[in-house]
Amino acid sequence: MAFIDISAVSKIFGNTRILENINLDIEHGQFVVFVGPSGCGKSTLLRMISGLEDVSAGTISIENEVVNDVEPALRGVAMVFQSYALYPHMTTFQNVSFGLRMAHKTAEFIAARVQQATGILQLDKLLERKPGQLSGGQKQRVAIGRAIVREPRVFLFDEPLSNLDAELRVQMRAELMDLHRRLGTTMIYVTHDQVEAMTLADKMVVMSGGRIQQAGAPLVLYDDPDNQFVAGFVGSPKMNFLPATLVGADATGVRLTGIGGGGNAVLPIVGITVAAGPVTIGIRPEHLRLVTEGATSPECLVLEGRVAIVEELGAESFVHLDLPDSTRVTLRAGRDAGRIGHTARVALDLERALLFAADGLRLRGRGLVQQ
Amino acid sequence: MSRTTALRGPVTVWTVLKWTLAIAIAIVAVFPIWWMFNVVFSQPGEPVSLNPRLWPTSLSAGIDKIRMIFTETGYLGAYFISITYALLTIVGVLLIASLAAFEFSLFKFPGRRIMFGIVMLALMVPTAVTIIPTYLLTSRLGWLNTMQGLVVPGLASAFGLFMLVQFMRAVPKEMIEAARLDGAGHFQIYWHVALPLCSNAMITLAILTFIQTWGNYMWPLIIGTRTEMYTVGQVVGMFNSPLSHHTVDTVMTANLLAAIPPLLFFLIFQRKIVEGIAMSGTKG
């Protein structure tokens, strides 16, 4: 059994189903990130693990013990809130030591633990300051210190970096990774920022509409998404989706027409059993490239579009093209790759393209056609 | 120069009217208090003579009158009763109102809205309506002419509850949850988190309760029939009564002594009172 086992968990508020049949295993020491758009239920799931929210159905177990009815403080979990939730009338020392004081630990024990935790987080010089005298990053560290000092079995983070500016967020992200490496404790982290999720997670859990859409290593989700939602959510710039019509499938692959307003192609995926009809091609921006006039390639589909936006990032640029059917595609290119308003030709690497059914599910074949 | 002009703004008819009205109201409010000082700190009869004076003339005369009131009447005992009554009421109101506000504002429980609605309805019921049943109950408990009879019926303050609920609603829920995760029990969360965060509101409520208790006339009059249970309000009432045989300057001295504690309180804490009331109105 996994370290944390979430089995058939649902959450119902009144008549609204917030979470629906959640099943998830978390191994000891893993850094798991719940990611998804606002309202997808990721924070609710975290709060259910913490015990702050009741479980409507199903079970949550930590180290083989069902904790559904165990008080939050007795679950061995510690949580860092988005707003830090520091007590404004207490100093850093008092904030960090609050849990130990509530547990009636001795003064020496508390002092030693606080010193250890604040040492790790470089808070030693701020022990007498109150939250009002601390910067956003320092407050964040105090909140983490308050969690560390209790030596929990599981750390829970509820969008802890959302209130920080971009630069500090990157710095704190690195510090969290370092902290995880040093402590080796299981961490569950909630965010709506997929970049944060990709960089931090050992296991990334993409959620939407109260369900887990897919869970796995970040790169697995990036390369091999189960559905169009995950494909579109993971990755920045996001995956391009081109509507097409499936007309048939044979040993050479899947025959598609009407791609981007008129392109025809054979997608080298075999073994798909689906009726002819509308489908969606998904292809990442790095699998598109600008080509010169007249260039063709058997494994690439070349489409023509008008350059709508060019985002120059220095080393590279993102070029946004409008295809004849008004589908907008984005591709990664070098500097000065396109001129706004000009026509450009773009080649799609069909071997890297994914296919999604009309209901958004991934159409997986038995494999790619062997070249 | 231009800054001064800008701050003052153009003098319009409206500005003049506004200031005239404000000054008139201030005179009406301040004059009786000033007149009290004037009468006390003057030779007997001087300010109310045919040729009245508007300013005090004798500090020693005033001190003599104050000494006379304290030594020759039951005023000092009444002061003690009033202060005890006020302090006990403050402690009780703060404790009960804050405990109730903690539950009403930060936790959900069945019947919460209805119960809070009933408490709020109590705000609209005038004291005179409930005074007879309260008296009967207190009397049956054998609490007439006792300190508990004076204090206990005033401990459940609907206003205090309303005010503290407004404050505690502003306490972030995450802070309470963090305390729960830190292992704090229900009472510990109240004591270590909610209460310190509402200290400003508690101070305001303490001041308002003091002013209200000190000025409470009706309940002490009904419950305390024996002279040793008289509060300052009752003693001053006796001075003021038509058959008291006291001269106007003695009556004024008794009134001045009764007015000093709430006046001092207000002068010292007026910023806190205004802040507290303003915050309770906007933070809810």
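Compute the signed sum of charges (Lys and Arg +1, Asp and Glu -1) over the other residues within less than 14 Å, Cβ to Cβ, of B:PRO220.
Charge balance in the 14 Å sphere: 0.
Suppose a student asked you for the relative contact order of the stretch B:2-66, using Cα pairs under 8 Å spaced at least 6 residues apart; what percent would you report?
Relative contact order for the stretch B:2-66 comes out at 25 percent.
Please work out how much accessible surface B:PHE107 shows to a 1.4 Å probe, ignoring ligands, DNA and RNA, in Å² rounded to 10.
40 Å²
Which residue, B:MET36, B:TRP191, B:PRO220, has the largest displacement toward the positive end of the dipole of chain B when charges sit on each Cβ (Lys, Arg +1; Asp, Glu -1)?
B:TRP191
Only Cα pairs under 8 Å and at least 6 apart count here; give the relative contact order of the stretch A:4-233 as a rounded whole percent.
29 percent
Excluding ligands and nucleic acids, what accessible area in Å² is computed for A:LEU288 using a 1.4 Å probe, to the nearest 10?
10 Å²
Where the centre of each part is set by its Cα atoms, how far does the stretch A:226-261 sit from the stretch A:277-341, in angstrom?
15 Å
Remind me, what semi-axes does chain A give for its equivalent ellipsoid, largest first in whole Å, using sqrt of 5 times each Cα gyration tensor eigenvalue?
The three semi-axes for chain A are 47, 25, 15 Å.
Modelling each spin label as a point 7 Å along the Cα-to-Cβ direction, I'd like the A:VAL220/A:MET1 distance in nm, to one decimal.
Label-label distance for A:VAL220 and A:MET1, simple model: 2.3 nm.
Using a Förster distance of 56 Å, how high is the FRET efficiency between A:VAL70 and A:ASP359, based on the Cβ-Cβ distance and rounded to 0.05?
0.90
What list of ³J(HN,Hα) couplings, whole Hz, do you get for the stretch B:90-105 from phi and the Karplus terms 6.51, -1.76, 1.60, once you set θ to phi - 60° and write x for glycine and proline?
My calculation for the stretch B:90-105 gives 4, 4, x, 4, 4, 5, 5, 5, 6, 5, 5, 5, 4, 5, 5, 8 Hz in order.
Rounded to the nearest 0.05, what FRET efficiency do A:ARG17 and B:TRP35 have when you use their Cβ-Cβ distance and R0 = 60 Å?
0.25
Counting only the heavy atoms of the protein chains, how much of A:SER162 is accessible to a 1.4 Å probe, in Å² to the nearest 10?
40 Å²
Please check chain A for the longest run free of trypsin sites (Lys or Arg not before Pro) that are loop-located per DSSP (anything but H, G, I, E, B) and have at most 14 other Cβ atoms within 10 Å.
A:1-334
Between rounded, prolate and oblate, where does the stretch B:56-175 land on the alpha carbon gyration tensor, with a ≥ b ≥ c its root eigenvalues, rounded for a/c under 1.5, else prolate if a/b exceeds b/c?
Note, shape of the stretch B:56-175 comes out prolate.
When the Cα centres of the stretch A:74-129 and the stretch B:177-210 are compared, how far apart do they sit, in Å?
Answer, in whole Å: 19.
First measure r as the distance between the Cβ atoms of B:LEU121 and B:TYR217, then evaluate 1/(1 + (r/R0)^6) with R0 = 25 Å and state the FRET efficiency to the nearest 0.05.
In this case the efficiency is close to 0.50.
Work through the residues other than A:LEU313 whose Cβ is under 10 Å from its Cβ and net out their charges, Lys, Arg +1 and Asp, Glu -1.
Surrounding charge for A:LEU313 is -1.
Charges at C-beta only: +1 for Lys and Arg, -1 for Asp and Glu. How large is the resulting dipole of the stretch A:4-233 about its Cα centre, in Debye rounded to 20?
840 debye
With the Cα gyration tensor of the stretch A:253-355 giving a ≥ b ≥ c as the square roots of its eigenvalues, does the rule (a/c under 1.5 for rounded; else a/b larger than b/c for prolate; else oblate) give rounded, prolate or oblate?
prolate
Report the label-to-label distance for A:ALA275 and A:ARG153 in nanometres (one decimal), using points 7 Å from each Cα along the Cα→Cβ vector.
5.0 nm
Which trypsin sites (Lys or Arg not before Pro) in the stretch B:1-106 sit in a loop by DSSP (not H, G, I, E or B) and have at most 16 other Cβ atoms within 10 Å of their own Cβ?
B:ARG53
Give the range of the longest stretch in chain A that excludes all GluC sites (Glu not before Pro) found in loop regions by DSSP and having at most 13 other beta-carbon atoms within 10 Å.
That would be A:129-292.
Rounded to whole Hz and in sequence order, give me ³J(HN,Hα) for the stretch B:13-19 from the Karplus expression 6.51 cos²θ - 1.76 cosθ + 1.60, θ = phi - 60°, writing x for Gly and Pro.
Listing the rounded values in order: 4, 4, 4, 4, 4, 4, 5 Hz.
Between A:HIS89 and A:GLU63, what is the label-point separation in nm under the 7 Å Cα-to-beta-carbon projection?
In this crude spin-label approximation the distance works out to 3.5 nm.
For the stretch B:167-236, which trypsin sites (Lys or Arg not before Pro) pass both filters: DSSP loop (anything but H, G, I, E, B) and at most 14 other C-beta atoms within 10 Å?
B:ARG226
Name the residue farthest towards the positive end of the dipole of chain B from the options B:ALA22, B:TYR230, B:TRP55, assuming +1 on Cβ of Lys and Arg, -1 on Cβ of Asp and Glu, about the Cα centre.
Sorting the options by dipole projection puts first B:ALA22.
List every residue whose amide H lies under 5 Å from the amide H of B:GLN43, counting only residues 5 or more places away in sequence or on a different chain, with H placed 1.01 Å from N in the peptide plane.
Residues meeting the criterion, in which the H sits 1.01 Å from N, are B:THR57, B:SER58.
Suppose the chain between A:ALA308 and A:LYS105 were pulled fully straight at 0.36 nm per residue; how much longer would it get relative to their current alpha carbon spacing?
Computed gain between A:ALA308 and A:LYS105 is 66.7 nm.
Calculate the dipole size of the stretch B:73-282 relative to its Cα centre from +1 charges on Lys and Arg beta carbons and -1 charges on Asp and Glu beta carbons; express the result in debye to the nearest 20.
400 debye
Out of A:GLY365, A:ALA344, B:PHE162, whose Cα points farthest toward the positive end of the dipole of the protein assembly as shown (charges: +1 Lys, Arg; -1 Asp, Glu; placed on Cβ)?
With unit charges placed on the Cβ atoms, the residue in question is B:PHE162.
So if I place +1 on the C-beta of Lys and Arg and -1 on the C-beta of Asp and Glu, and nothing else carries charge, what would the dipole magnitude of the protein assembly as shown be about its Cα centre? I want it in debye, nearest 20.
Approximately 1600 debye in magnitude.
For chain B, rounded, prolate or oblate, judged on the Cα gyration tensor with a ≥ b ≥ c (square roots of eigenvalues), a/c < 1.5 rounded, else prolate if a/b > b/c?
Oblate.
Taking θ = phi - 60°, what integer Hz values does the Karplus form 6.51 cos²θ - 1.76 cosθ + 1.60 yield along the stretch A:76-85, in sequence order, with x for Gly and Pro?
x, 10, 10, 10, 10, 8, 4, 8, 6, 6
Taking 8 Å as the Cα distance limit and 6 or more residues as the minimum spacing, I'd like the relative contact order of the stretch A:241-368 as a percentage.
So the answer I get is 29 percent.
The values are calculated or read from the model by the stated rules, or taken from the named source; none is laboratory data. What you see is a predicted model; the values in this text were computed from it and never measured. Note: ideal-geometry Cβ built from the backbone for every residue, glycine included; neighbour counts use all protein chains shown. To get the accessible areas, we keep the full protein, side chains included, count just its heavy atoms, and leave off ligands, DNA and RNA. Shrake-Rupley method; radii C 1.70, N 1.55, O 1.52, S 1.80 Å.
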